């Protein structure tokens, strides 16, 4: 899989123009068979544009995480297609998907998964070492306002600080797309806003295409576009004429 160039920052007025970077058509995912058959996704069509901040909103079991995992090359659909730029993800082998994830995708999950025996800087540097064109760990941590915590260990940080380290770790390799799975699910309102501010800054300042899945409808105000999922279907779509800054979100 060829490595595409990184996105340059762009203003909100340019988001949604041009060809989409992600295209999914007829995307379905079924687990099990017979009476144990569970339809996680059902015939999803989706376009995502460069620099877009997209929120996938829905309750547990609506298909959000399954869709995110397919977009990130962590899972394969039962049917349909998913394409990143010129590369068919649904036809790619394990080696191609590994390269795709390493070169193009940053992941942030609900639980931080930091290595407890490494400092904040070392946790971020670990990912930088496998990237072709990383920023420095200090610069990545500066973007999430944690330069004062470089030499601390995860156990010495609050939950919100640990999640911001996880964001820095995801962006240090300059990914084209940042995929966030319930990044504030384990946090209180004030701490969650700080994490969302870090994610928002990455989208606005670096032009990183960003997808956040959440069950918290308040977060929808940050997005360019919101897709509401229900029962494995896209049940609705909304666009925000003006994006709310994280500090103004009514949790």
Give, in nm to one decimal, the length gained when the segment between residue 131 and residue 188 is fully stretched (0.36 nm per residue of separation minus the Cα-Cα distance). 17.3 nm
FRET efficiency (residue 31, residue 158; Cβ distance; R0 35 Å; to 0.05) is 0.45
Considering Cα pairs under 8 angstrom that are at least six residues apart, work out the relative contact order of the chain and quote it in whole percent. 27
For segment 177-251, what is the percent of antiparallel DSSP beta bridges, rounded to the nearest 5? 55
Find how many whole Å separate the alpha carbon centroid of segment 204-220 from the alpha carbon centroid of segment 77-145. 17
Note down the relative contact order for segment 55-191 as a percent, whole number, built from C-alpha pairs under 8 angstrom at least six residues apart. 29
Acute angle (nearest 10 degrees) that the helix 189-206 long axis makes with the longest principal axis of the chain, alpha-carbon atoms: 80
What order, most packed first, do the peptides 235-241, 28-34, 213-219 have when packing is the mean number of other Cβ atoms within 10 Å of each residue? 213-219, 28-34, 235-241
Quick check on packing: order 56-66, 183-193 by the mean number of other C-beta atoms within 10 Å, highest mean leading. 56-66, 183-193
Can you pull the one-decimal nm distance between simple spin-label points at residue 251 and residue 60, each 7 Å off the Cα toward Cβ? 2.0
Alpha-carbon Debye profile of segment 110-208, log10 I(q)/I(0) at 0.20, 0.21 Å⁻¹: -0.95, -1.05
Folded to 0 to 90 degrees: helix 159-171 orientation relative to the chain principal axis, Cα: 70
Checking the a/c ratio against 1.5 first, then a/b against b/c, what shape does the Cα gyration tensor give for segment 103-146? rounded
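All of the numbers you see were taken from the coordinates with simple rules; none came from a lab. Here the structure is a predicted model, which is why all the values come from computation and not from measurement. No Cβ is skipped: glycine too gets one built from the backbone with ideal geometry, and neighbour counts run over all protein chains shown.
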